Structures are given as C-alpha cells and as structure tokens.
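Visitor: Submitted below is the structure of interest, expressed as structure tokens.
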C-alpha cells in the first residue's frame, strides 16, 4: 500500500510517497516533491491544485493520504491558505482515496513506540520533505496496527 504523507506549509503541499511491501518500506521515485497554490489565487487555481493532486495520487496508485494536522489557533497555527489546501485534498472525488489528519501528538507517540527504521539523511529525500516522510511513516504504522 502506497501512502502519501503531506505537510502543508504556507501555500505549498509538500509530499512524500512511502510504500510498504511484505514488511519492507521503500520510497517510490516521485517526480513531484510539492504542489503549490499561487499567493493571490482564484477559485480556478484551487481547482487546478486539486486536480493536479488527484492526478498525482492516481498516477502512483496512492490509496491513502495522511496530512500532518495544523493547529487552528495559537503559536503554531496553520495559515488560511493551508486550510484551503487541506479542504481541496479532502474533497477529491472520483477516486478511492482515503484522507486522514494526523495530530502532532499521535505522530510523536507513534515515533516513540516505532522509531524510524532509517535515518532521514539516508533516504535521499530533500530536507524540506522530512515532515511529509515522517507523516507517511506514521500513517503506515497506524494502518498496520489497524490491520493486525
């Protein structure tokens, strides 16, 4: 099962694909590292973002998207555009895509009980993809618990 981990920052959706096959993790080569929405975006721009995201998921056979949840208020609150991106991803139709939000506390507790099997530096991913990678990993671990 291929999971797409997503970190929403500003007007970008940073993505990382993670596959679990017979107990082994691998990182499928993905031509896209992030999808962006213009700062002064229109309804059409939002629709284009949604279509591009859906197309990317279909192209790689992704069935589950895990988004690192942002706080609605406070010191670490997400920006308005990131919540629009989240809604656009959640409202993708015509696919068998399951979208879940992973709260930071759940990510932290899952990593405590299931440390990453590889140092991030050894993944070959870009530094800005680290949170998306961790989100995908936690999604894989929680789906394994559900299947067990």
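All of the numbers you see were taken from the coordinates with simple rules; none came from a lab. Here the structure is a predicted model, which is why all the values come from computation and not from measurement. Note that we place each Cβ from the backbone using ideal geometry, even for glycine, and neighbour counts take in every protein chain shown.
Visitor: Using a Förster distance of 35 angstrom, determine the FRET efficiency expected from the C-beta separation of residue 52 and residue 112, and round it to 0.05.
Guide: So the FRET efficiency works out to roughly 0.50.
Visitor: Something else: Which whole-number percent is the relative contact order of the chain (Cα, under 8 Å, 6+ apart)?
Guide: So the answer I get is 33 percent.
Visitor: Can you put 137, 60 in order, fewest other beta carbons within 10 Å first? Before the final figure, lay out the partial values.
Guide: Working: 137 26, 60 17.
The fewest-first ordering by Cβ neighbours comes to 60, 137.
Visitor: Let me ask something else. With just the Cα atoms defining each centre, how far is segment 1-44 from segment 97-115? Give it in Å.
Guide: When both Cα centres are located, 16 Å separates them.
Visitor: Quick one: length gained pulling residue 127 to residue 1 fully straight, 0.36 nm per residue minus the C-alpha distance?
Guide: Length difference between fully extended and current span is 42.9 nm.
Visitor: Also, quick follow-up: Shape of segment 2-147 from its Cα gyration tensor (a ≥ b ≥ c, root eigenvalues): rounded if a/c is under 1.5, otherwise prolate when a/b > b/c, or oblate?
Guide: prolate
Visitor: For helix 104-113, report the angle its Cα long axis makes with the longest principal axis of the Cα atoms of the chain; keep it between 0 and 90° and round to the nearest 10°.
Guide: Taking Cα atoms only, the helix is inclined about 10 degrees.
Visitor: Among 135, 98, rank each residue by its count of other Cβ atoms within 10 Å, from fewest to most, as a rough exposure measure. Show your work: numbers first, answer last.
Guide: On the way: 135 29, 98 13.
Least to most surrounded, the residues fall as 98, 135.
Visitor: Can you compute the helix-only [θ] at 222 nm over the chain? Use -39500 (n - 2.57) per DSSP H run of at least 4 residues, normalise by all residues, nearest 500 deg cm²/dmol.
Guide: -12000 deg cm²/dmol
Visitor: Also, I was wondering about something else. With a point put 7 Å past each Cα toward its Cβ, work out how far residue 24 is from residue 101 in nm, to one decimal.
Guide: Computed distance between label sites residue 24 and residue 101 equals 3.7 nm.
Visitor: When the chain is treated as a GNM, springs tying every alpha-carbon pair under 10 Å, which of 76, 53, 128 comes out with the largest mean-square fluctuation?
Guide: Its mean-square fluctuation being the largest, the pick is 76.
Visitor: Shape verdict for segment 59-116, please, from the Cα gyration tensor: rounded (a/c under 1.5), prolate (a/b greater than b/c) or oblate.
Guide: Oblate, since a/c reaches 1.5 and b/c is not below a/b.
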